[in-house]
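Notes to accompany the following structure.
Bear in mind that the values in this text are calculations on the coordinates, not laboratory data. Note that the structure is predicted; figures quoted are calculated from it, not measured. Note that we place each Cβ from the backbone using ideal geometry, even for glycine, and neighbour counts take in every protein chain shown.
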Amino acid sequence: MIRLDSISKQNGQRVIFIETSAALQKGEKIGLVGPNGAGKTTLFRLITKQETPDEGQVFQDRGITIGFFSQDVGEMSGRSVVAEVMDGAGEISVIATELAQLEADLCDPDKMDQMEAILERFGDVQARFEELGGYGLDSKAREVLHGLGFSQEMMSGDVALLSGGWKMRVALARILLMQPDVMLLDEPSNHLDLESLIWLEQFLKNYDGALLMTSHDRAFMNRVVNKILEIDGGTLTSFSGDYESTNSNAR
Ligand SMILES: Nc1ncnc2c1ncn2[C@@H]1O[C@H](COP(=O)(O)OP(=O)(O)O)[C@@H](O)[C@H]1O
Ligand SMILES: [Mg+2]
């Protein structure tokens, strides 16, 4: 689904990749390993085209969807946690936002005089929401958030009020809900407690798309992946099995 063909990349003075190649095939779950500063995050950014290689090419199959989670979560504000998570899912989330606003308007005494128009719009929007499977999406979003440790109260609360660590979980929930063809997860386990980690492990095991991930928690990663891609001295090498078997192969 994704292929890196003879990539070279330098960040400033530092050489990260030297004419190296790798591929992510359908259904593969790959753990990306290498020391700090080896270029793991850079590799993700090459795949998402946030960075370009100095030489070589990155190919991806036509029409595939890619979801990328990184520590760099960006701004989140102006809506509830659950709306933020559903936003990753396209048109349906725009409609969900309008539906929530219309529901609020229906109970707003200041808008009594517009009630007829609001009700009519509500009917149309609700029909479209149902057509797109919106009610299913809302409960799926809540299921994912629950798995990542959110209470029902937190899910309905303003996303802007969350701490950095909880915003990370929101960003992760967005990618999980999106169910892309390819998931790129750069350190998804960093801000999770044990219970959420166990839930995430199960989720990723059941996910049938392709996965490329890094994690400082090797035991967690080993339980999820079936292949290892190692960055060593600018070269990418893949091994089947988990990280432990990589080590014993090397010896
Ligand atoms: N924007 C940047 N400009 C210059 N150097 C960078 C930049 N981002 C990362 N680097 C350097 O590139 C190398 C690889 O970084 P990174 O891909 O983040 O490694 P990893 O994720 O494996 O820890 C590091 O030496 C880092 O200092
Ligand atoms: Mg990194």
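On the given criteria, is residue 187 among the acidic types (Asp, Glu), within 28 Å of residue 102 (Cβ to Cβ) and either touching a residue at least 12 places away in the same chain (Cβ under 8 Å) or away from ligand 1 (no atom under 16 Å from the Cβ) (or both)?
Taking the combined requirement at face value, the residue does not satisfy it.
Which residue is surrounded by the most Cβ atoms within 10 Å (Cβ to Cβ), if the candidates are limited to segment 8-42 and must be in contact with a Leu (Cβ under 7 Å, 6 or more places away or on another chain) and of a type in the set (Val, Ile, Thr)?
30
With respect to the numbered conditions (1) more than 16 Å from ligand 2 (Cβ to nearest atom); (2) within 30 Å of residue 22 (Cα to Cα); (3) in contact (Cβ under 8 Å) with a residue 40 or more places away in the chain, which one is the sole condition not fulfilled by residue 78?
It is condition (2) that residue 78 fails.
So which of 127, 141, 104 is closer than 19 Å to residue 76 by Cα, assigned to a helix (DSSP H, G or I) and among the hydrophobic types (A, V, I, L, M, F, W, C)?
141
May I ask you to list the residues in segment 20-38 that are under 27 Å from residue 63 (Cα atoms) and of a type outside the set (Val, Ile, Thr)?
Listed by number, the residues that qualify are 21, 22, 23, 24, 25, 26, 27, 28, 29, 31, 32.
Mind listing just one residue for me: the one in segment 73-123 that is touching a strand residue (DSSP E or B) at 6+ places or on another chain (Cβ under 9 Å) and of a type outside the set (A, V, I, L, M, F, W, C) and, of those, surrounded by the fewest Cβ atoms within 10 Å (Cβ to Cβ)?
Only one residue tops the list, namely 77.
Pull out all pairs, ordered by first then second residue, where Cβ-Cβ is under 6 Å, the residues are six or more apart or on different chains, the first lies in segment 1-29 and is free of Cβ contacts under 8 Å to residues at least 40 places away in the same chain, and the second is of a type in the set (D, E, K, R).
Partner pairs satisfying both residue conditions: 23/3.
For a quick check of your reading: which helices (runs of 4 or more DSSP H) sit entirely within segment 145-251 and have at least 2 residues that are β-branched (Val, Ile, Thr)?
So the answer is 164-178.
Collect the residues in segment 186-200 that are under 16 Å from residue 222 (Cα atoms) and among the charged types (D, E, K, R), keeping them in residue-number order.
Listed by number, the residues that qualify are 186, 187.
Starting from residues that are within 15 Å of residue 184 (Cα to Cα) and of a type in the set (Gly, Ala, Ser), keep the ones in segment 11-47 and report whichever is farthest from ligand 1 (Cβ to nearest atom).
Pass one, segment 11-47, residues within 15 Å of residue 184 (Cα to Cα): 22-33, 39-47.
Going one step further and asking which of them are of a type in the set (Gly, Ala, Ser), we end up with 22-23, 27, 31, 39.
Values: 22: 14, 23: 19, 27: 25, 31: 13, 39: 4 Å.
Result: 27.
Return the residue satisfying two criteria in turn: it lies in segment 170-196 and is more than 16 Å from ligand 2 (Cβ to nearest atom) and surrounded by fewer than 17 Cβ atoms within 10 Å (Cβ to Cβ), and of such residues it is nearest to residue 63 (Cα to Cα). Before the answer, list the steps.
Initial filter on segment 170-196 (more than 16 Å from ligand 2 (Cβ to nearest atom)): 170, 173-183, 192-196.
Within this subset, residues satisfying the condition of being surrounded by fewer than 17 Cβ atoms within 10 Å (Cβ to Cβ) are 179, 193-195.
Values: 179: 14, 193: 35, 194: 36, 195: 35 Å.
Only one residue fits best here, namely 179.
Cβ-Cβ below 6 Å, separation at least six or inter-chain, first residue in segment 45-69 and among the β-branched types (Val, Ile, Thr), second surrounded by 13 or more Cβ atoms within 10 Å (Cβ to Cβ) and assigned to a loop (DSSP other than H, G, I, E, B): which pairs?
64/1; 64/181; 65/180; 65/181; 66/180
Looking only at residues in segment 199-232 that are of a type in the set (A, V, I, L, M) and more than 16 Å from ligand 2 (Cβ to nearest atom), which one is nearest to residue 25 (Cα to Cα)?
If we filter segment 199-232 for residues that are of a type in the set (A, V, I, L, M), which is where we start, we get 200, 204, 210-213, 219, 221, 224-225, 228-229, 231.
Next, from what is left, pick out any that are more than 16 Å from ligand 2 (Cβ to nearest atom): 200, 204, 210-211, 219, 224-225, 228.
On the way: 200: 22, 204: 16, 210: 7, 211: 9, 219: 23, 224: 16, 225: 13, 228: 13 Å.
Checking each candidate, the answer is 210.
For residues that are within 19 Å of the chain's Cα centre (by Cα) and in a loop (DSSP other than H, G, I, E, B), tally how many sit in segment 1-57.
Going through segment 1-57 one residue at a time, the tally reaches 9.
Taking the conditions exactly as written (buried (at least 21 other Cβ atoms within 10 Å of the Cβ) and more than 12 Å from the chain's Cα centre (by Cα)), does residue 150 satisfy them or not?
yes
Has segment 32-50 got any residue that is within 16 Å of ligand 2 (Cβ to nearest atom), of a type in the set (Phe, Trp, Tyr) and either under 20 Å from residue 229 (Cα atoms) or touching a Pro at 6+ places or on another chain (Cβ under 6 Å) (or both)? Spell out the reasoning first.
Within segment 32-50, the subset within 16 Å of ligand 2 (Cβ to nearest atom) is 32-48, 50.
Still in the running and of a type in the set (Phe, Trp, Tyr): 44.
Still in the running and either under 20 Å from residue 229 (Cα atoms) or touching a Pro at 6+ places or on another chain (Cβ under 6 Å) (or both): 44.
The answer is yes, given that some residue of segment 32-50 is within 16 Å of ligand 2 (Cβ to nearest atom), of a type in the set (Phe, Trp, Tyr) and either under 20 Å from residue 229 (Cα atoms) or touching a Pro at 6+ places or on another chain (Cβ under 6 Å) (or both).
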